[in-house]
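All remarks here apply to the structure that follows.
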Amino acid sequence: MKPSRIAWFFASLLVACGFVMLWQYLSDARLVSPVFLPGPDRAWAALVRGITQGELGARWLGTIERMIYGWLLASFAGIVIGAFIGSSERARAYVGPMLELIRPLPASAVVPLAISLLGLSEAMVLTVIGFGALWPMLLSTVHGFAAVEPRLYEVSRALGLPQWKVILKIALPSSMPDIVAGMRLALTVSLILTVIGEMLASREGLGSHILISARSFRSADLFAGVILLGVTGYVSAMALTLAESRLLRWRESH
């Protein structure tokens, strides 16, 4: 690890410790009612108790499972469809306006439609996650494939390469930085929509746990769920960063 990265790591650690100390001070001073703002000690105790003695661990795994399934579904569909559109000027001309029309549509707007078609089911939650996470993947892939050097396509045509070889050997490696950026954004969207879907459909997960805790005024359990959501987002982002460093290692030599 480079010295600059070590310095930034310790700086971020100090900021996090300062935030926790401020949180503890606000709780001890009762500037906010303990009913609504428990101290970090109470939140940590609720977290440990929920994992070791309760069902919080199982609900956490349920949230992670839905997030990953929805993200993988959106990633696969986004890469396949985006590769087809991005590698063809004619496809971009025909489909581009429709994509720009649908892209601003928030995933929350399709929730009532998904509920009417699929009910308050697991399939509904995965559908909403996949729909919301699809667009970052799709648009990033289209942009990556469209930005490939045109001379590479000319060389592939001169060599008589079939379309699938052009995509796998030329276009896909060149567009990987855009695709990975889309995957990173789609993963964040997947986690957000997983929590929303669990709240709406009452699925066993952190979303329903947080909602029930809030309605029952169990603030410590609520904050325990929020802490686990933060850990999930942080760990998943770090895992994707590690994968990105390995997949795009060739860029360091350029």
Item checked: Boolean, Glu198 is under 27 Å from Gly39 (Cβ atoms), among the charged types (D, E, K, R) and under 16 Å from the mean Cα position of the chain (by Cα) -> yes
Item checked: Single match in Arg59, Arg90 (criterion: in contact with a Leu (Cβ under 9 Å, 6 or more places away or on another chain), among the basic types (Lys, Arg) and within 30 Å of Ala186 (Cβ to Cβ)) -> Arg59
Notebook entry, point to check: Has segment 209-216 got at least one residue that is polar (S, T, N, Q), under 30 Å from Gly62 (Cβ atoms), modelled with pLDDT of 80 or more and surrounded by fewer than 17 Cβ atoms within 10 Å (Cβ to Cβ)?
Noted result: yes
Next item on the list: Go through segment 72-95 residue by residue and tally those that are within 19 Å of Gly144 (Cα to Cα), in contact (Cβ under 8 Å) with a residue 24 or more places away in the chain and assigned to a helix (DSSP H, G or I).
Entry: 11
Next item on the list: Identify the single condition in (1) outside any helix (DSSP H, G or I); (2) exposed (fewer than 14 other Cβ atoms within 10 Å of the Cβ); (3) of a type outside the set (A, V, I, L, M, F, W, C) that Gly54 does not satisfy, given that it satisfies every other one.
Entry: (2)
Next item on the list: Taking only segment 193-221 into account, find how many residues are among the small types (Gly, Ala, Ser), assigned to a helix (DSSP H, G or I) and under 24 Å from Gln24 (Cα atoms).
Entry: 4
Next item on the list: Six or more apart or on different chains, Cβ under 7 Å: which pairs go from a residue in segment 119-147 that's surrounded by 24 or more Cβ atoms within 10 Å (Cβ to Cβ) to one that's not in a helix (DSSP H, G or I)? Could you list them?
Entry: Val125/Arg203; Phe145/Ser87
Next item on the list: List the number of the failed condition for Arg59; all other conditions in (1) farther than 19 Å from Gly230 by Cα; (2) under 28 Å from the mean Cα position of the chain (by Cα); (3) charged (D, E, K, R) hold.
Entry: (1)
Next item on the list: Can you tell me which residue among Val125, Val111 is in a helix (DSSP H, G or I), more than 13 Å from Ser75 (Cα to Cα) and touching a Gly at 6+ places or on another chain (Cβ under 7 Å)?
Entry: Val125
Margin query: Given (1) closer than 23 Å to Ala171 by Cβ; (2) of a type outside the set (Phe, Trp, Tyr); (3) free of Cβ contacts under 8 Å to residues at least 24 places away in the same chain; (4) in contact with a Gly (Cβ under 8 Å, 6 or more places away or on another chain), identify the lone condition not met by Met98.
Written below: (4)
Notebook entry, point to check: Does Arg184 qualify as being closer than 29 Å to Ala224 by Cβ, not aliphatic (A, V, I, L, M) and not in a helix (DSSP H, G or I)?
Noted result: no
Margin query: Exactly one condition in (1) surrounded by 12 or more Cβ atoms within 10 Å (Cβ to Cβ); (2) part of a loop (DSSP other than H, G, I, E, B); (3) charged (D, E, K, R) is false for Arg30; which is it?
Written below: (1)
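The values are calculated or read from the model by the stated rules, or taken from the named source; none is laboratory data. Note that the structure is a prediction, hence the values are computed from the model and not measured. So basically every Cβ, Gly included, is an ideal-geometry build from the backbone, and we count neighbours across all protein chains shown.
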